[in-house]
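The values are calculated or read from the model by the stated rules, or taken from the named source; none is laboratory data. It should be emphasised that the depicted structure is a prediction, and the values quoted were computed from it without experimental measurement. Don't worry about glycine lacking a Cβ; one is built from the backbone with ideal geometry, like all the others, and counts go over all protein chains shown. The accessibility values were calculated without ligands, DNA or RNA, using every heavy atom of the protein model including side chains. Shrake-Rupley method; radii C 1.70, N 1.55, O 1.52, S 1.80 Å.
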Amino acid sequence: MDRPHDPLLRLVGVGKKFGTVEVLRNVDLSIYPGEVHILAGENGAGKSTLVKIMAGVYSDYTGTMEVAGRQVRLSSPPEATAMGISVIYQELSLVSTMTVSDNIFLGLFLHRAGFVRNKAQCDATKRLLAKLGVQALPEQRVGDLPIATRHLIEIAKAMSRNAKVIIMDEPTSALNVQESEKLFALIRSLKSNGCGIIYISHKMEEIEQLADRITVLRDGMLIGSVSAAELPTPKLIHWMVGRPMEQQFSRRAPPTGKEVLRIERFCVAGPLRRHKPLVQEVALSIRQGEILGIAGLEGAGNSHLLSGLFGVYGRRATGRVWIEGKPVRIDRPVHAMQQGMALLTNDRKATGLILPMSIIANITLAKLRDFSTAGWRRTARETRAAHEIARALRVRANSLRMEVGKLSGGNQQKVALAKWMLLNPQLLLLDEPTRGVDVGAKREVYELMNQWTARGIAIILITSEMSELLAMSDRILVMHRGRITAEFSGSRATPQAIVNAAMAPPVEKEIPS
Amino acid sequence: MNQTTPRSNTPAPAGGPSKSDSPSGAVVVENPHEGGRRVGALLHWMGTPVARAMAALLLVLVLGTIFNANGSFFKIATQRDTLREVSDYGILACGMTLVIITGGIDLSVGSVLALVGVCFSIMSIHWGWSAWIVIPFSLLIGAAVGAFSGGLVAWFGIQPFIATLAMMVFARGLAEYISGNMEVSTAMANPDGTYHYVPVPAIFQSINSSVLGGYLAVVTVILMFCAAVAWLILSRHRWGRYLFAIGGNEEAARLSGVPVVGAKIGAYMASGLFAAVAGICQAAQEQQGDPRAGIGSELTAIAIVVIGGTSLMGGRGGMGLTLLGMLTIGYMEKILSLNAVPDAGRLMLTGVIIVTAVLAQRRRE
């Protein structure tokens, strides 16, 4: 293909070892101006390592790296920034207690004799944000802004440092559809300004939408680097996992049994009285063997609904709840667990797992009472049970005594699931069960969901991936601002109808109080 | 796995090493003790906090054999004294370990030690109560003070540093108030301003004695008992596991049904209880209850825990590490005093050694 420009960044024959383990072998990569270059691969394929080499985090690699035709060897992240390479990590690097303009000029303050020129910084920030179309004021504290805006500010910060190559590592993992759209619009404007963008994502829809060129890594090796048109999704998945994938996933819905849960007029109040309620007047019911999907944009209240059901909000959650026809009151997670409920939270690192503890300790944490007599733990029983469930869920680890923090995303998620499955729940609340999980592990999670529902377990599923929602749900509820606005049977739901319901105002008008 | 219906296509696990797939299709967890991995396991062990804490202790012991002060370092009496002198701090460190593992800190232990020492002395010397009453009462005072700090932390969400700092000041004041800001000793004031002396209670003498033909101080035996209790709690009891979980990720622990409030209050209560034990030992050894005892000893206890390798961030650590840290500090102090290093130099060297030990303990990724 004929290209009008030289590459902004070129890697030739790059390899990297950790000790004796080779994590990257002979990888070539070229980033041209004005293109979005997708870096695809399963977890552990070497994407992060490659990003860290480009970002100057690792300097002890083999092979060469050229920036604008000049061979360089970066030895620190600031050097990479100076060369025009900026990385937007999943965990943002903004100081949340400082203002937007202070963050943008962090480390490069405009100053006169050491005194910061606040006014000049604010003006420059205002111009920059206006150019990028970011809705924020320079004087606002970053911590007060929504996550999506923080991402955009992180990008603005990169732009203010004249970044030519911007690397984004799963930037939309915490964003909702609208926010992602904003980000994509910004990415397009960066493209037209001649920036090269390296984009890492596990979401196929995003890849389809954004990609100009795709490079696939597998087990540290380059599988190929082609233009997006040559790599439709099925073929891309084949390249990533190393075998053809006939179908991404299939739901086998068992016949439904008796009602497991019914709620009426379920509300969750905000943290303070002046706050808006998080969940308002929700009614739903679910039967054995059913997967009930709940769709909604970020902030629609679907996560709050699950947390509220599980007793996380204590008495802030009100309404009537029946489990198997019996009215119950759930104020604490323990009550919910006693009623046969389990909640997989949407952020396994923040709220799901105890990262410094072993796999065994994590798996048995919720059931420790049953593994101890008079408080003393029966370690043999604990270990046996943990091994059994880990095997059933195919957790891959050298030893179950390993720290959970050292596992890959997919295996961490399986440990979190194992913890709950050990309780033999009859109702599973799954909030983003495949977030940050690679394609292979995703399929395993779907397969497990099929097995569990076949055993009569009911599942409420929240996911921001439309394809996952449509494929796995037997029935779909859509929420908007804390209320349910639509219900679809699985076969009748279409992406368009769901998005419409998620964005439409509720049927009844809200009366301002 | 045999229940697969014809419609389904059970996926082969992607990405995993296919050699570990068993015939049934389930991926079996690999056995870490297979042959050919011993060297790797040893290297791995060298990087663990236990190995590093041992290395620090070994280094101090090597220094001791070099600067042996004309052989006095090798005497059994020296070993006994080293252990006896560090025992009070070690007992404080037992409770401190529990608290630090939850991600908290307890600054009040030095003051609780003094408070309990004063109460213990008043009850046994002035009031002449039996040890069978005095000891439970003293322990109860320590536990109550600890539970109160724990309540401030767990119920009201006050930062542990602040809550226990307040308790440190308060308990010190209470100790001074109860004692009239004087040592509670066997010298009893007469109405005319003179003093008469009463005999030292038997319990003071038993705690201040030694066993095994004089080669092991009773306070060291008490320390060993306390350490064993703390070790059992942390490694064998459900509550210990809860403490690690809270320190590792409090929110995840709460969502998994861990009784966070109770477990945390328990940790501070245990810390107060151990501080009470240390207070009793201290008073018995000094034969008086000193309201100014234990000033700064909370910092020594924290240093012991941290040098051992328990993380101040919570979630990682253990009682064995604390014992190693205690021996390191104890022997270091002894070597410095055997070699008659003046106090100023001793303090400065202690600071340097703490930093060195903690640097050596730092986790490398």
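Only a single item in (1) open to solvent by 20 Å² or more (accessible area, probe 1.4 Å); (2) more than 10 Å from chain B (Cβ to nearest Cβ); (3) modelled with pLDDT under 90 is not met by A:GLY409, and it is number (1).
Here is a yes/no grid of residues against (1) within 14 Å of chain A (Cβ to nearest Cβ); (2) within 19 Å of the chain's Cα centre (by Cα); (3) in contact (Cβ under 8 Å) with a residue 40 or more places away in the chain:
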| position | (1), (2), (3) |
| --- | --- |
| B:ILE302 | no, yes, yes |
| B:LEU338 | no, no, yes |
| B:GLY351 | no, no, no |
| B:LEU359 | no, no, no |
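If we keep just the residues of region A:367-401 that are within 24 Å of the chain's Cα centre (by Cα) and in contact (Cβ under 8 Å) with a residue 40 or more places away in the chain, which is farthest from the other protein chains (Cβ to nearest Cβ)? Of everything passing the filter in region A:367-401, A:LEU393 is farthest from the other protein chains (Cβ to nearest Cβ). Looking only at region B:178-201, which residues are over 28 Å from the mean Cα position of the chain (by Cα) and open to solvent by 60 Å² or more (accessible area, probe 1.4 Å)? Correct list: B:ASN181, B:MET182, B:ALA189, B:PRO191, B:ASP192, B:THR194, B:TYR195, B:HIS196, B:TYR197, B:PRO199.
Would you confirm whether any residue within region A:101-118 is surrounded by 15 or more Cβ atoms within 10 Å (Cβ to Cβ) and of a type in the set (Lys, Arg)? The answer is no, given that none of the residues of region A:101-118 is surrounded by 15 or more Cβ atoms within 10 Å (Cβ to Cβ) and of a type in the set (Lys, Arg).
Any residue at all in region A:344-355 that is in a strand (DSSP E or B) and under 24 Å from A:GLY456 (Cβ atoms)? Yes, because at least one residue in region A:344-355 is in a strand (DSSP E or B) and under 24 Å from A:GLY456 (Cβ atoms). Going by the conditions given, is B:GLY257 open to solvent by less than 10 Å² (accessible area, probe 1.4 Å) and within 14 Å of chain A (Cβ to nearest Cβ)? Answer is yes for this residue. Of the residues making up region A:315-322, not a single one is within 7 Å of chain B (Cβ to nearest Cβ) and under 30 Å from A:ALA283 (Cβ atoms). Has region A:296-317 got at least one residue that is among the β-branched types (Val, Ile, Thr), farther than 24 Å from A:GLY490 by Cα and part of a loop (DSSP other than H, G, I, E, B)? Yes: one or more hits.
Can you name every residue in region A:365-397 that is within 25 Å of A:ASP438 (Cα to Cα) and not basic (Lys, Arg)? Within region A:365-397, A:ALA386, A:HIS387, A:GLU388, A:ILE389, A:ALA390, A:ALA392, A:LEU393, A:VAL395, A:ALA397 qualify.
Can you spot a residue in region A:263-280 that is open to solvent by 30 Å² or more (accessible area, probe 1.4 Å) and touching a Cys at 6+ places or on another chain (Cβ under 9 Å)? For region A:263-280, residues open to solvent by 30 Å² or more (accessible area, probe 1.4 Å) and touching a Cys at 6+ places or on another chain (Cβ under 9 Å): present.
Of the helices (runs of 4 or more DSSP H) entirely within region A:78-164, those holding at least 3 residues that are farther than 30 Å from A:ALA68 by Cα and not basic (Lys, Arg) occupy A:118-132, A:147-160. The one condition from (1) at positive phi; (2) open to solvent by less than 40 Å² (accessible area, probe 1.4 Å) that B:GLY213 does not meet is (2).
Among the residues of region B:206-254, write down those that are at the interface with another protein chain (Cβ under 7 Å from one of its Cβ atoms) and farther than 24 Å from A:ARG348 by Cα. Passing the criteria: B:ARG236, B:HIS237. Scanning region B:148-171 for residues that are in contact with a Leu (Cβ under 9 Å, 6 or more places away or on another chain), surrounded by fewer than 22 Cβ atoms within 10 Å (Cβ to Cβ) and part of a helix (DSSP H, G or I) gives B:PHE161, B:ILE162, B:LEU165, B:ALA166, B:MET168. In the set A:ALA361, A:ALA342, only one residue is of a type outside the set (S, T, N, Q) and at the interface with another protein chain (Cβ under 9 Å from one of its Cβ atoms); that residue is A:ALA361. Of all the listed residues (A:ALA366, A:ALA380, A:ALA385), the sole one being of a type in the set (A, V, I, L, M), open to solvent by less than 50 Å² (accessible area, probe 1.4 Å), farther than 30 Å from A:ALA295 by Cα and assigned to a helix (DSSP H, G or I) is A:ALA385.
Reported count of residues in region A:471-487, each being touching a Ser or Thr at 6+ places or on another chain (Cβ under 8 Å) and surrounded by fewer than 23 Cβ atoms within 10 Å (Cβ to Cβ), is 3.
This table checks each residue for (1) at pLDDT below 85; (2) in the same structural domain as A:ALA211 (by TED's automatic domain parsing); (3) open to solvent by less than 10 Å² (accessible area, probe 1.4 Å); (4) in contact with a strand residue (DSSP E or B) (Cβ under 9 Å, 6 or more places away or on another chain).
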position: A:LEU24; (1), (2), (3), (4): no, yes, yes, yes
position: A:ILE31; (1), (2), (3), (4): no, yes, yes, yes
position: A:GLY34; (1), (2), (3), (4): no, yes, no, yes
position: A:ILE38; (1), (2), (3), (4): no, yes, yes, yes
position: A:SER59; (1), (2), (3), (4): no, yes, no, no
position: A:SER76; (1), (2), (3), (4): no, yes, no, no
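Criterion first (crowded, with 16+ Cβ neighbours inside 10 Å and either at pLDDT below 95 or in contact with a helix residue (DSSP H, G or I) (Cβ under 8 Å, 6 or more places away or on another chain) (or both)) does B:TRP231 satisfy it? Spelling it out, B:TRP231 is indeed crowded, with 16+ Cβ neighbours inside 10 Å and either at pLDDT below 95 or in contact with a helix residue (DSSP H, G or I) (Cβ under 8 Å, 6 or more places away or on another chain) (or both). Going by what's in this entry, would B:VAL277 be described as modelled with pLDDT of 95 or more, within 11 Å of chain A (Cβ to nearest Cβ) and touching a helix residue (DSSP H, G or I) at 6+ places or on another chain (Cβ under 8 Å)? When the stated conditions are applied, B:VAL277 does not pass them. Just one of (1) of a type outside the set (Asp, Glu); (2) surrounded by 19 or more Cβ atoms within 10 Å (Cβ to Cβ); (3) modelled with pLDDT under 85 fails for A:ILE53. It is (3). Residues in region B:72-105 that are surrounded by fewer than 21 Cβ atoms within 10 Å (Cβ to Cβ) and of a type in the set (Ser, Thr, Tyr): 2 in all.
Restricting region A:422-468 to residues that are among the hydroxyl-bearing types (Ser, Thr, Tyr), out of contact with any Leu (no Cβ under 8 Å at 6 or more places or on another chain) and more than 11 Å from chain B (Cβ to nearest Cβ), the residue that is surrounded by the most Cβ atoms within 10 Å (Cβ to Cβ) is A:THR434. Of the residues in region B:255-268, not one is of a type in the set (Gly, Ala, Ser) and more than 30 Å from A:ASP347 (Cα to Cα). Test B:THR82 against the criterion of being more than 25 Å from B:ILE246 (Cβ to Cβ) and at pLDDT 90 or above, and give yes or no. In short, yes. Looking across region B:56-107 at every residue that is assigned to a helix (DSSP H, G or I) and among the aromatic types (Phe, Trp, Tyr), the one that is nearest to B:LEU165 (Cα to Cα) is identified as B:TYR89.
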